[in-house]
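Working notes, beginning with the structure itself.
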Amino acid sequence: MVGARPGFPDKKIYVRPGDALRFGHVDLEGIEYEFLRGKFRSATLKVKDLARYMALKKEAFRRFGYGRELHPFAERYFWEGETSKIYLISAFDLS
């Protein structure tokens, strides 16, 4: 276990030591798995720089389509499937 989110003791974050740190052709910095009250809630793919984020975005669009843009001035996209939701949110300033 990596830890819990501050202020949210029911959330736990884990990493799996043998994970293939790739999404398509994109090298990932890490993958974190979040559990809420013992049930899987989300996976976070982390990249180390803007170039890798842009490649991850391109791969997500290739795999899932263009999704829905959540904010016109921020890098935030959303896809909703029958059993899952996908968010693509940039931590990088693109202005």
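If I ask for residues that are surrounded by 15 or more Cβ atoms within 10 Å (Cβ to Cβ) and within 18 Å of Pro6 (Cα to Cα), which ones from the stretch 36-55 would you list?
Ser42
Could you go through the stretch 18-36 and let me know if any residue there is assigned to a helix (DSSP H, G or I) and within 15 Å of Ser84 (Cα to Cα). Can you show your working first?
Quick first cut of the stretch 18-36, residues assigned to a helix (DSSP H, G or I) only: none.
No: the stretch 18-36 contains no residue that is assigned to a helix (DSSP H, G or I) and within 15 Å of Ser84 (Cα to Cα).
Yes or no: the stretch 40-60 includes at least one residue that is farther than 26 Å from Phe8 by Cα and part of a strand (DSSP E or B).
no
Select from the stretch 4-13 the residues that are more than 14 Å from the chain's Cα centre (by Cα) and part of a strand (DSSP E or B) and write down the one among them that is modelled with the lowest pLDDT.
Just the residues of the stretch 4-13 that are more than 14 Å from the chain's Cα centre (by Cα), to begin with: 4-12.
Then keep just the ones that are part of a strand (DSSP E or B); that gives 4-5, 8-12.
Values: Ala4: 69, Arg5: 66, Phe8: 78, Pro9: 83, Asp10: 87, Lys11: 89, Lys12: 91.
If we take residues in the stretch 4-13 being more than 14 Å from the chain's Cα centre (by Cα) and part of a strand (DSSP E or B), then Arg5 is modelled with the lowest pLDDT.
Name every residue in the stretch 21-37 that is hydrophobic (A, V, I, L, M, F, W, C), more than 12 Å from Tyr53 (Cα to Cα) and either modelled with pLDDT under 95 or under 12 Å from the mean Cα position of the chain (by Cα) (or both), in order of residue number.
Here is the first cut: in the stretch 21-37, the residues hydrophobic (A, V, I, L, M, F, W, C) are 21, 23, 26, 28, 31, 35-36.
This time we only want the ones that are more than 12 Å from Tyr53 (Cα to Cα), so: 21, 31, 35-36.
Matches in the stretch 21-37: Ile31, Phe35, Leu36.
Considering the stretch 56-76 alone, what residues qualify as being hydrophobic (A, V, I, L, M, F, W, C) and either over 13 Å from the mean Cα position of the chain (by Cα) or exposed (fewer than 13 other Cβ atoms within 10 Å of the Cβ) (or both)? Spell out the reasoning first.
First, pick out the residues of the stretch 56-76 that are hydrophobic (A, V, I, L, M, F, W, C): 56, 60-61, 64, 70, 73-74.
Answer for the stretch 56-76, where residues must be hydrophobic (A, V, I, L, M, F, W, C) and either over 13 Å from the mean Cα position of the chain (by Cα) or exposed (fewer than 13 other Cβ atoms within 10 Å of the Cβ) (or both): Phe61, Phe64, Leu70, Phe73, Ala74.
The values are calculated or read from the model by the stated rules, or taken from the named source; none is laboratory data. Fair warning: this is a prediction, and the values are worked out from it, not measured in the lab. Neighbour counts run over all protein chains shown; Cβ positions are idealised from the backbone, glycine included.
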